[in-house]
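Asker: Just passing along the structure, written as structure tokens.
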Amino acid sequence: VHALTNSIAENGDRGLYATRTQIDVAFLGEEKVTVAAGQFPARKFALRWHPDWPPAHLWVRQADCVFLKLTWSQIDSWYELAELRERNRGLCTPGSEITHS
């Protein structure tokens, strides 16, 4: 995938400028994932920004590809969806919200 990134450093703290990059993407399958916002059916991908770095793992919700979680062994951090509020689409009262937690 052709992309722009704000940094070519692993943790994004150096070279802070927009630069073109190539991200290799591999689909790894479907599974349930649990994050702070709840449990969701997900699609899992491996992302590789640099050939010398291990791939990051990304989970997105199956239904609409909403971000759920990202882990990467290259840095000591992970990112996950903490809260999700959705407008109800005709299941209950129009305009009501569903909160996953």
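The values are calculated or read from the model by the stated rules, or taken from the named source; none is laboratory data. Nothing here was measured: the structure is a model prediction, and the numbers come from that model. Note: ideal-geometry Cβ built from the backbone for every residue, glycine included; neighbour counts use all protein chains shown. Note: accessible area is taken over every heavy atom of the protein model, side chains too, but ligands, DNA and RNA are not part of it. Shrake-Rupley method; radii C 1.70, N 1.55, O 1.52, S 1.80 Å.
Asker: Determine, from the Cβ-Cβ distance of E30 and A82 and an R0 of 25 Å, the FRET efficiency 1/(1 + (r/R0)^6), rounded to the nearest 0.05. Walk me through the numbers before you get to the answer.
Answerer: On the way: r = 23 Å, r/R0 = 0.91.
Step by step, r from the Cβ atoms, then E = 0.65.
Asker: Could you compute how much accessible surface D64 exposes when probed at 1.4 Å, giving the result in Å² to the nearest 10?
Answerer: 80
Asker: By how many nm would the segment from A63 to A46 grow when fully extended, if each residue of separation counts as 0.36 nm and the alpha-carbon distance is taken off? Before the final figure, lay out the partial values.
Answerer: Values: separation 17, 0.36 × 17 = 6.12 nm, distance 1.89 nm.
Computed gain between A63 and A46 is 4.2 nm.
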